[in-house]
Amino acid sequence: MVPFSVPTALRPGWPGRLSPPWRVHSVNGSGAPANRLFSSGGAYPSVPLSSPLPGAPTPVFATVSGQEKFETKVTTLDNGLRVASQNKFGQFCTVGILINSGSRYEANYLSGIAHFLEKLAFSSTDRFDSKDEILLTLEKHGGICDCQTSRDTTMYAVSADSKGLDTVVGLLADVVLHPRLTDEEIEMTRMAVRFELEDLNMRPDPEPLLTEMLHEAAYRGNTVGFRRFCPTENIAKIDRGVLHSYLRNYYTPDRMVLAGVGVEHDHLVECARKYLLGTQPAWGSETAVDVDRSVAQYTGGIIKLERDMSNVSLGPAPFPELTHIMIGLESCSFLEADFIPYAVLNMMMGGGGSFSAGGPGKGMFTRLYLNVLNRHHWMYNATAYHHSYEDTGLLCIHASADPRQVREMVEIITKEFVLMGGTVDVVELERAKTQLMSMLMMNLESRPVIFEDVGRQVLATHSRKLPHELCTLIRNVKPEDIKRVASKMLRGNPAVAALGNLADLPSYEHIHVALSSRDGRLPKTYRLFR
């Protein structure tokens, strides 16, 4: 965080702080109070607040013409690295390197390398002896740093004062291309990974674990179905040699974007040429040898994890024992035109927890609230998610309830999936589109979010769709578009992830039959003995 200090004159208890009615007093030579020029005191008693004060200097505002304020500029260097920037006024900037690298590219490697690299980020490099030295360098420019890894993207980012752009780009280049990866750092990373895996399995909110399980079920043994978190059995096997072998193939300039928000484009390009062009990485080569170009193959299937959830959160008010189910169907890639209708459909489904604080704008009129949580008070959660990648996508619903009501919960969710392909009310569609547009625009008020949007779009498509273009596409979604994409989705095999007490969980075949039926009902089961 950027250090923030309260101006001395506004601190409580300081003798010179402003006093009502907010006039600044000074004392002249005779000891009588005098009003300072341009104050709201008696110097100009007849000038209203809506008019400028006589004699005050004319303010100068930063201005841009035409579309320049929205334009995302992209330059490709000789080595294939792309440099993208977005104008945004302010003292601070966000700059980072995004790489087409992640767990989906680990087919020929030990699973968990991307997770290790995330934890090793901003450690010692050729120019910096330790992480502390990197943080001290950033501190001089009021900077903070972060690294995040997803299934298909690795992102190194820094937010700092714009005047330190040269230092920041040089530091990022060193962190990405010249990490030392010492034995001590790797051992510390092993400890951090073990702790994160323990935390993943112990936390009361199972959504991250269920998402992992659902991807594994939906894409059996390929691309985005590979584990994002390092498996326990691989922690001790990953060393510097394994990491360098992976980095040699995936940390190449043609798979990178240097993105910046709040910086001059020409200055950013100049810094990129200085630090990222013609430099020899720590692993010795800029040329990839063996890159996995596999396309995601959706398979569908089920992953079950039987677990006692009765003691997940002990304390004065213990968390009730719940069984968690996530059902998903294949949607589409973010490069396809249908991505926008799927995003609107996801917003229309909405949902959340049964204890969510509601109100306008909180999604209380979405289908999963109106049809599920408001009608079935024994359900603790029903939330829709949409995961999209460059060659596939997954739309899913996560639901939680008491283990004795699992079958009923699954049937309620399958019915909601089937209803997606039915009639779409114009009012609910317009509400979902408005909510999606407002969420998009509100998120893009934040500089780090703009940075990630610029970087990810340029990495995937070499260009960027601007917010107003996306809003136009959202406005153009019709009820028949929602019905079409939902019907197409329902023709596929489901992916199912289940966690907790699964004694009453319907079989995968029955869930598939329910999703293929007209009403979403599960087939009846008959028992000889009760």
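Tell me, what ³J(HN,Hα) does each residue in the range 412-425 have, in order and in whole Hz, if you take phi through Karplus 6.51 cos²θ - 1.76 cosθ + 1.60 with θ = phi - 60° and put x for Gly and Pro? The phi angles translate into 4, 5, 4, 4, 5, 4, 5, 5, 4, x, x, 5, 10, 6 Hz. When the square roots of the Cα gyration tensor eigenvalues are ordered a ≥ b ≥ c, the ratio a/c for the range 396-441 is 1.5 or more and a/b does not exceed b/c, which makes its shape oblate. What shape does the range 301-516 take by its C-alpha gyration tensor, where a ≥ b ≥ c are the square roots of the eigenvalues and a/c under 1.5 counts as rounded, a/b above b/c as prolate, and the rest as oblate? Note, shape of the range 301-516 comes out prolate. Prolate is the label for the range 73-276, because a/c, from the alpha-carbon gyration tensor with a ≥ b ≥ c as root eigenvalues, is 1.5 or above and a/b exceeds b/c. Using the Karplus relation 6.51 cos²θ - 1.76 cosθ + 1.60 with θ = phi - 60°, the per-residue 3J(HN,Hα) values for the range 278-285 come to x, 8, 8, x, 4, 8, x, 8 Hz, with x marking Gly and Pro.
To the nearest 10 degrees, how steeply does helix 265-276 sit against the main Cα axis of the chain, on a 0 to 90 scale? Around 70 degrees separate the two axes.
Close amide-amide hydrogen proximity is noted between residue 381 and 354, 400, each under 5 Å apart and 5 or more residues distant or on a separate chain (H modeled in the peptide plane; Pro and chain starts excluded).
Computed from backbone phi with θ = phi - 60° and the Karplus coefficients 6.51, -1.76 and 1.60, the 3J(HN,Hα) list for the range 249-256 is 8, 10, 9, 10, x, 5, 9, 10 Hz; x is used for glycine and proline.
Here is how the number arises for the chain: DSSP H runs of 4 or more residues each give -39500 (n - 2.57), the sum is divided by the residue count, and the result at 222 nm is -10500 deg cm²/dmol. I want the local charge near residue 367. Using Cβ-Cβ distances under 9 Å, sum +1 for each Lys or Arg and -1 for each Asp or Glu among the other residues. Within the 9 Å Cβ shell, the charges total -2. Expressed as a whole percent, the accessible surface of the chain that belongs to carbon and sulfur atoms is 54, based on a 1.4 Å probe. The angle separating the long axis of helix 339-349 from the principal Cα axis of greatest extent in the chain is about 80 degrees. Rolling a 1.4 Å probe over the protein heavy atoms leaves residue 269 with an accessible area of roughly 10 Å². Peptides 208-219, 461-472 ordered by packing proxy, namely the average of other Cβ atoms within 10 Å per residue, highest first: 208-219, 461-472.
What fraction of the DSSP beta bridges in the chain is antiparallel, stated in percent and rounded to the nearest 5? Taking every DSSP beta bridge within the chain, about 85 percent pair in antiparallel fashion. Taking a straight Cα-Cα cut-off under 23 Å and skipping sequence neighbours fewer than 8 places away in the same chain, the lysines within cross-link reach of residue 304 are 415, 524. Among the chymotrypsin sites (Phe, Trp or Tyr not before Pro) in the range 471-530, those located in a DSSP loop and surrounded by at most 10 other Cβ atoms within 10 Å of their own Cβ are 526, 529. For residue 283, the accessible surface of its heavy atoms amounts to roughly 10 Å² (probe 1.4 Å, protein chains only, rounded to the nearest 10).
Ligands, DNA and RNA excluded, the heavy atoms of residue 103 present near 0 Å² of accessible surface to a 1.4 Å solvent probe.
Helix 447-461 and the longest principal axis of the C-alpha atoms of the chain enclose an angle of approximately 50°.
Projecting the Cα atoms of 301, 505, 376 onto the charge dipole of the range 301-516, computed from C-beta unit charges around the Cα centre, puts 376 farthest toward the positive end. Count Lys and Arg as plus one, Asp and Glu as minus one, and take only other residues whose Cβ is under 11 Å from that of residue 166; the net charge is then +1.
The values are calculated or read from the model by the stated rules, or taken from the named source; none is laboratory data. This one's a predicted model, so the numbers in the text were calculated from it and none came from an experiment. Glycine also receives a Cβ, built like all others from the backbone with ideal geometry; neighbour counts cover every protein chain displayed. These area figures cover heavy atoms from the full protein model, side chains too; ligands, DNA and RNA do not enter into them. Shrake-Rupley method; radii C 1.70, N 1.55, O 1.52, S 1.80 Å.
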